[in-house]
Amino acid sequence: MRYAQRAGYPKARLVRYATSADVTGDKSSVVGYASIVFSRDPDRAPSALSEAQKEELLRTARRTVETFVRTGEAPPAVSDDPRLQVREGAFVTLHKKGQLRGCIGLIQGDRPLVETVRDMAIAAASSDPRFDPVRPDELGDIDLEISVLSVPRVVRGAEEIELGRHGVIVSRGPFHRGVFLPQVATETGWGKEEFLSQLCSQKAGLSPQAWREAGTILEVFTADVFSEKK
């Protein structure tokens with residue numbers, strides 16, 4: 001039960017409890033059995049990552065990028081920390097001498113966080129369509145940044161978006177969707193209207209003003225952002 005709580009599944013529901021006496025009728029010495037379902041509390045976010053957990057994820061990302069770029073092999077993503085087994089969305093961003101070199105992520109995690117970081121590190125180094133794959137001779141100039149995402153929530157309009165705090169997802173229909181991480185607003189200096197217009201046009205393939213239109217969905221999330229650069 002302590003493991004489930006630390007892993008982000010604190011809610012317990014007893015499905016059935018029984019003892020051996022229910023079968024044998026002998027109550028002088030019994031063995032008890034319980035079936036319990038552990039689940040996330042929808043009103044409770046996973047606990048914040050500690051500095052040690054962030055360092056472990058950064059080491060995982062660094063080891064992954066260097067191994068994959070040099071050998072083409074994906075190293076195992078293994079952690080004994082239950083917190084890193086929680087399924088969460090995450091992005092891995094690569095910078096080379098201060099310039100973006102790749103950024104890929106999952107908005108909502110479908111695998112343990114440590115595996116998401118491993119897989120997104122590989123994707124950022126090899127599959128970002130804006131860049132060529134990272135070469136071995138570049139590794140010394142590259143630093144890594146990880147963004148661990150909260151669960152997105154729908155907002156009614158732009159007035160609910162806080163630049164610098166919220167990442168934003170824009171979507172319209174089944175084929176148009178784009179995302180900006182919270183740090184994009186800070187790094188670019190864009191105001192809210194420019195931020196949303198660029199999100200629509202750059203990331204979602206929509207008209208710059210699509211965020212104002214009925215039928216366009218806006219979602220926000222927060223991110224715990226940490227990097228190798230201190």
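The values are calculated or read from the model by the stated rules, or taken from the named source; none is laboratory data. Computed from a predicted model, the values in this text were never measured in an experiment. Positions of Cβ are generated from backbone atoms using ideal geometry, with glycine treated the same way; all protein chains shown enter the neighbour counts.
A quick yes/no check of all residues on (1) loosely packed, with under 13 Cβ neighbours inside 10 Å; (2) assigned to a helix (DSSP H, G or I); (3) in contact with a His (Cβ under 9 Å, 6 or more places away or on another chain):
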residue	(1), (2), (3)
GLY105	no, no, no
VAL114	no, yes, no
VAL117	no, yes, no
ALA121	no, yes, no
ARG130	yes, no, no
LEU139	no, yes, no
ASP143	no, no, yes
LEU163	no, no, no
Report yes if some residue within the range 165-175 is charged (D, E, K, R) and surrounded by fewer than 16 Cβ atoms within 10 Å (Cβ to Cβ); otherwise report no.
-> yes
Read through the list (1) part of a helix (DSSP H, G or I); (2) under 23 Å from the mean Cα position of the chain (by Cα); (3) over 23 Å from HIS95 (Cα atoms), then give the number of the only condition that GLU194 fails.
-> (2)
Looking only at residues in the range 69-92 that are of a type in the set (S, T, N, Q) and in a helix (DSSP H, G or I), which one is surrounded by the most Cβ atoms within 10 Å (Cβ to Cβ)?
-> GLN85
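Matching residues to (1) closer than 27 Å to LYS54 by Cβ; (2) outside the structural domain of GLU66 (by TED's automatic domain parsing):
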position: LEU139; (1), (2): yes, no
position: GLU145; (1), (2): yes, no
position: GLU160; (1), (2): no, yes
position: ILE169; (1), (2): yes, yes
position: GLU187; (1), (2): yes, yes
position: LYS192; (1), (2): no, yes
position: SER197; (1), (2): no, yes
What do you reckon, is VAL30 surrounded by 10 or more Cβ atoms within 10 Å (Cβ to Cβ), modelled with pLDDT of 70 or more and part of a loop (DSSP other than H, G, I, E, B)?
-> yes
Among the numbered conditions (1) closer than 23 Å to GLN99 by Cα; (2) assigned to a loop (DSSP other than H, G, I, E, B), tell me where PRO174 comes up short.
-> (1)
Please go through the range 203-230 and pick out each residue that is within 25 Å of the chain's Cα centre (by Cα) and farther than 30 Å from PRO46 by Cβ.
-> GLY205, LEU206
Can you find a residue in the range 148-160 that is at pLDDT 95 or above, over 24 Å from GLU194 (Cα atoms) and more than 22 Å from the chain's Cα centre (by Cα)?
-> no
